[in-house]
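Engineer: Quick one: structure below, then a few questions.
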Amino acid sequence: MHANHTAPDKDTVLLIDSSPNSIRILNAILGEEYRVIFSTSGATAKVLAKSESPKLILMDVELPDIDGFALCQHFKTEPETKDIPVILITEHSEDEGREMGLKIGCADYISKPVSPAEVKLRIYNQLRIRRNEELIMQRALYDSLTGLANRNLTMDRLRYAIAHDLRRGLMTGVMLVDIDNFKIINDTLSHDVGDQVLIELSRRIVKVVREIDTVGRVSGDEFLIVLPGLQQTENACQIASKLRKAINKPVEIAGGGEVHVTASIGVSLCPLDSDDFKRLFGYADVAKHQAKEGGKDSYRLFTSEMNDSVQRRLRLEYHLVWALSRGEFSVVYQPLYDLKTNRISGAEALLRWNNDELGAVPPSEFIPIAEQSNLIYEIGKFVLDTAMNDFSELKNREGDLLHLAVNISPQQVRQSHFVEDFMATLEKQGFAPNRLELEVTEGLLLSNQPNVKEMLHKLHDLGTELSMDDFGTGYSSLSYLLQFPFDALKIDREFVDGITDVELNEALATAVISMAQGLKIKTVAEGVETEEQLEMLKSKGCDLAQGYYLSRPLDIDGLKTLLGEMGGESLKDGKNTKKAKTT
């Protein structure tokens, strides 16, 4: 192995080719822009790929000791190399090489004879995609302000800690730290001061806890701490007491002055309270609220007397069973605006539940319960049937039939008869499949169930569009956009919120839109709440948008009223719901 002498900050490219002449040519092409290392055999290449961690592998499929396709497959199964993009150089025909390469997971391929310009372009494109993926992954796992783990990553580590500690007979602590009256700091001293406070407090918390603990920021002023390997309850109490004292010390602000803060801390323990990570999080939240109600600046351990939230869940489960038969569900629609024409092109169907005893129950509260209790399938059928019926002949003033977007739960797709039921609903309503967009979440794709991919392809073959919902909130990967027949991806409101004043958010949104355009996938931004956000999204080339700035969710009569009020005029200020009934 040899490497050209280039600056250490350049990306490393591993060349694998049995021909020294080919290596000299490729090194000459790439040497100025990249740190080039090379191998003439598969055995050496395996060692180099692990030890040098190249950003990209460029390899000939004709090797003396191993077939190049087999070597690529090896890289894709090894934990250290599975995420490194591999470009194959092959003499196979274009279709044959592409099919073989995609099957084994290569990122791209180049046919012989190679062109210097093509090699440079293919490598540049793959490294750009890799950087964009890393940027999105960073956003998906870490908090941009404090650098701490975000909610998704912290909850994942909590789940792992519980499983590990249960096997060893130890306890896992869950600690929620909420800064008291933080809104006052933002409102009176500015958000910049608030950010300084959060950054300083995050540093203090990390110093107090042990190295094996995980500290995450799970909302604006709330931190979640995972405490694995506890011997007794007192261990958690000691950490909570130290945290309280550390947080109480004055925070010095840039430019002069100090801010005094306190925190309310809630603690739950596995297995004393539960061995379910979501319940433990909920119990710690209940305990935290008890600390606030008790005068703040304190910590509380969860007790059964605090179980009001659990009782509410039981009431929700009971009433949810009867909600559909009692006609308590309704469907509202949030308009989707085409940012190229500034006109309504469709709407997203949203489920609402109003119960005589519970009142209006937010979807974020009852949908997870419906999914866990398998009620979601019939509820999902109700939404599809109602929405198709409402949109059957619904047109805008220009005479175009409106597009309909509907969320489908992973539980629905996993049912073997879902496609048949779906087709029956289409036929019953006389609804054209190409007017319908089904939104699926990343959780469905992560399930790795073999029938899921087949189901999604069947739905797409019917003419229905597929959209990845909440892109960027979990372990989002471009591989999903390549493996599944997606027509659109929805940019999560967390990207949109702050896009105009947070440089990272703008860069992330730009990266997502750019990648989608490259894949010929349309982008839909949700949660648009200001004109500034709307204009920023337009400038980035986003295709569609929805949000309260444009319109709140409306019942079907309200949507028809809005369409009538807009007439043939373009959307001017986004506030066209004066007479439309909102829900």
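Each value in this text was obtained by applying a stated rule to the coordinates, not by laboratory testing. In this text, all values refer to a predicted model and were calculated from it rather than measured experimentally. Counting neighbours? That spans all protein chains shown, and the Cβs are built from the backbone with ideal geometry, glycine included.
Engineer: Give me, ordered by chain and number, the residues 5 or more places off Glu348 or on other chains with an amide H under 5 Å from its own placed amide H.
Structural biologist: Gln334, Leu336, Ala405
Engineer: Given the -39500 (n - 2.57) contribution per DSSP H run of 4+ residues, what per-residue ellipticity at 222 nm results for the chain, rounded to the nearest 500 deg cm²/dmol?
Structural biologist: Calculated from helices alone, the mean residue ellipticity at 222 nm is -14500 deg cm²/dmol.
Engineer: Here's another thing I want to ask about it. Would you kindly calculate the mean projected area, averaged across all directions, of the convex hull enclosing the Cα atoms of segment 99-220, in square nanometres? Could the numbers behind the result be given before it?
Structural biologist: Working: hull surface 52.1 nm².
Value for segment 99-220: 13.0 nm².
Engineer: Could you tell me the ratio Rg/Rh of the chain? Both radii from Cα atoms, Rh via Kirkwood.
Structural biologist: 1.00
Engineer: So how strong a dipole does the chain carry about its Cα centre when Lys and Arg Cβ are +1 and Asp and Glu Cβ are -1, to the nearest 20 debye?
Structural biologist: Numbers: 66 positive and 89 negative charges, 180 e Å.
Computed about the Cα centre, the dipole is about 860 debye.
Engineer: Within segment 164-270, report the trypsin sites (Lys or Arg not before Pro) that DSSP leaves as loop and that have at most 12 other Cβ atoms within 10 Å.
Structural biologist: For trypsin sites (Lys or Arg not before Pro) across segment 164-270 that sit outside H, G, I, E and B with at most 12 neighbouring Cβ atoms in 10 Å, the list reads Arg210.
Engineer: Still on this structure, I have one more. Once the dipole of segment 12-141 is set up with Lys and Arg at +1 and Asp and Glu at -1 on Cβ about the Cα centre, which of Asn21, Ser115, Ala49 lies farthest towards its positive end?
Structural biologist: Comparing the listed Cα positions along the dipole, Ala49 ranks first.
Engineer: Looking at the P(r) of segment 12-141, how many percent of alpha-carbon pairs lie beyond 26 Å?
Structural biologist: Counting every Cα pair in segment 12-141, those more than 26 Å apart make up 14 percent.
Engineer: As a test of understanding, state the convex hull volume per residue of segment 151-306 from its alpha carbons, in Å³.
Structural biologist: Residue-normalised Cα hull volume stands at 100 Å³.
Engineer: Which is farthest toward the positive dipole end of segment 151-306 among Ala161, Ala284, Gly255, measuring Cα position about the Cα centre, with Cβ charges +1 (Lys, Arg) and -1 (Asp, Glu)?
Structural biologist: Working it through, the farthest residue towards the positive pole turns out to be Ala161.
Engineer: Need one number: % antiparallel among DSSP beta bridges in segment 12-141, to the nearest 5.
Structural biologist: Around 5 percent of the beta bridges assigned by DSSP in segment 12-141 are antiparallel ones.
Engineer: When the dipole is taken about the Cα centre of segment 12-141, and only Lys, Arg (+1) and Asp, Glu (-1) are charged at their Cβ, what size is it in debye, to the nearest 20?
Structural biologist: The calculated dipole for segment 12-141 is roughly 520 debye.
Engineer: Also: Using DSSP, restrict attention to beta bridges with both residues in the chain and report what percent are antiparallel, rounded to the nearest 5.
Structural biologist: Values: 43 of 86 bridges.
About 50 percent, rounded to the nearest 5.
Engineer: About the Cα centre of segment 151-306, how large is the charge dipole given +1 on each Lys and Arg Cβ and -1 on each Asp and Glu Cβ? Please answer in debye to the nearest 20.
Structural biologist: So the magnitude is around 420 debye.
Engineer: Turning to a different aspect of this structure: If you add up the charges near Asn186, with Lys and Arg at +1 and Asp and Glu at -1, over every other residue whose beta carbon is less than 12 angstrom from its beta carbon, what do you get?
Structural biologist: -3
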